[in-house]
1. Could you derive backbone 3J(HN,Hα) for region 227-236 from the dihedral phi with the Karplus parameters 6.51, -1.76 and 1.60 (θ = phi - 60°), listing whole Hz in sequence and x where the residue is Gly or Pro?
2. For Ala275 and Ile167, what does the FRET efficiency come to when R0 = 45 Å and r is the distance between their Cβ atoms, rounded to the nearest 0.05?
3. With the crude spin-label approximation of a point 7 Å out along Cα→Cβ, what separation in nm comes out for Asp283 versus Thr366?
4. Check Ile38: other-chain or 5+ apart residues with amide H under 5 Å from its amide H, H built from backbone geometry?
5. Could you please report the charge total around Pro181, scoring K, R as +1 and D, E as -1 over all other residues with beta-carbon less than 11 angstrom from its beta-carbon?
6. Hey, got the dipole for region 116-401? About the Cα centre, +1 on K and R Cβ, -1 on D and E Cβ, debye to the nearest 20?
7. Probe radius 1.4 Å, ligands and nucleic acids left out: which of Lys146, Lys246, Lys367 has the largest accessible area, and how do the rest follow?
8. Using only Cα atoms and rounding to the nearest 10 degrees, what angle (0 to 90) does helix 124-134 make with the longest principal axis of the chain?
Amino acid sequence: MTTESWVEVDEDAGFGIENLPYGVFARPGELPRVGVAIGDRVLDLAAMSAAGLVEDRRYFASGSLNAFMVAGRRAWRANRERVTELLTDPSYRDRVEPHLLPVADVELLRPFEVADYVDFYSNEHHAVNTGRIFRPSGDPLPPNWKRLPVGYHGRAGTVYPSGTPIIRPCGQRRAPGDDEPSYGPSLRLDFEAEAGFVAGVPSSAGRGVATGAFRDHVFGYVLVNDWSARDLQAWESQPLGPFLGKSFATSVSSWVVPVAALEAARTDPPVQDPAPLDYLRCDEPWGLDLRLEVLINGQVAARPRFASMYWTSPQQLAHATVNGAPLRTGDLFASGTVSGPERDQRGCMLELSWNGQEPLELPDGTKRTFLEDGDTVTIRAQAPTASGSRITLGEVTGTVHPAQG
Ligand code: MN
């Protein structure tokens with residue numbers, strides 16, 4: 001049972017009263033501030049606190065979500081309840097309506113300052129496909145894969161907001177069959193469709209964050225495109241992990257969906273066999289029924305299902321902190337490429353074109369092995385709600401521009 005908002009909402013668009021995601025926006029000539037999306041409007045929380053309608057602790061005029069994210073779960077819940085009340089009780093309409101701005105009239109900015117950025121590799125279908133492509137004769141999964149959530153530290157400074165142009169990276173790569181490496185624009189530019197969670201409340205050095213404490217620290221979820229230059233990556237990642245093939249750009253969606261908005265999306269993750277070590281045990285079901293959609297130039301290329309992720313978010317967080325490295329406000333943890341057992345569920349071109357051997361044909365007849373200059377990649381996702389409708393995680397989009405090196 002959900003109360004309706006007095007704001008007119010197109011339920012199919014997914015920005016209904018059960019979502020209320022946070023973002024940072026600006027209007028021309030004005031400072032950036034925090035807002036909440038409802039329908040095709042953004043509720044200006046800085047103006048709302050100035051008017052005394054929501055609690056003002058200078059969270060919302062700061063130009064990023066970090067000040068609010070550090071405030072913790074009680075503050076997050078109180079604000080969500082208050083905003084819900086203001087947007088559903090018609091008696092507030094006259095006072096709230098002046099602070100509702102059309103999304104079309106504002107610029108959406110990067111919603112939070114990224115502290116550290118970690119990317120996992122937690123989808124079994126993706127890991128098996130990648131293993132088969134690069135190690136056709138061996139076991140596709142390395143022996144540690146079902147024992148711990150494999151990941152690497154990425155580059156926080158190149159996490160860009162949705163819509164930022166993606167300049168094709170240059171670098172060193174060695175073409176198959178060549179003895180010598182060469183330098184030039186990447187010839188195998190790819191996307192990776194992922195979702196990620198954002199930490200709000202820091203943790204203490206020396207102590208890991210237990211799986212049961214996930215909600216005390218994590219503020220919400222975004223969509224992530226982990227742009228990848230496969231040729232640079234394949235040549236440089238021997239024997240260490242991803243470096244320049246990944247660090248040129250990572251894109252995140254404009255809206256951060258609170259963990260509380262995804263309660264109804266929680267589902268049982270795949271069975272974990274062998275049973276993980278104690279610090280990775282998780283008593284609650286933390287699979288998430290997020291249905292992703294990848295579009296290339298507006299054409300649907302894949303529909304990966306996040307529910308197939310082998311390792312859950314609380315397990316990823318417990319693992320990332322188990323060595324005592326403290327969590328910081330703004331830490332971003334991306335899931336790893338979301339893939340699936342069917343070809344149309346694969347979340348990157350490497351898998352969709354099987355490393356270029358099987359070009360992907362889009363609905364309009366165009367074919368792709370990897371991304372071409374001018375291509376626009378958009379990832380969007382929906383999740384179920386308690387009332388049976390759906391909410392959206394918005395979208396993350398980026399267009400490939402020619403190399404400049
Ligand atoms: Mn990735």
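The values are calculated or read from the model by the stated rules, or taken from the named source; none is laboratory data. Since we're looking at a predicted model, the values are computed, not measured. All Cβ positions, even for glycine, are placed from backbone atoms using ideal geometry, and neighbour counts span all protein chains on display. Quick note on the areas: whole protein, heavy atoms, side chains included, nothing else; ligands and nucleic acids left out. Shrake-Rupley method; radii C 1.70, N 1.55, O 1.52, S 1.80 Å.
1. 4, 9, 9, 5, 6, 5, 4, 5, 7, 8
2. Values: r = 45 Å, r/R0 = 1.00.
The computed FRET efficiency comes out at 0.50.
3. Simple spin-label model gives 5.1 nm for this pair.
4. Amide H neighbours of Ile38: Leu43.
5. On the way: positive: Arg173, Arg174; negative: Asp178, Asp179, Glu180, Asp231, Glu236.
Taking every other residue near Pro181 into account, the sum is -3.
6. On the way: 25 positive and 33 negative charges, 56 e Å.
Approximately 280 debye in magnitude.
7. Working: Lys146 55, Lys246 15, Lys367 120 Å².
The ordering from most to least exposed comes out as Lys367, Lys146, Lys246.
8. Approximately 30 degrees, to the nearest ten.
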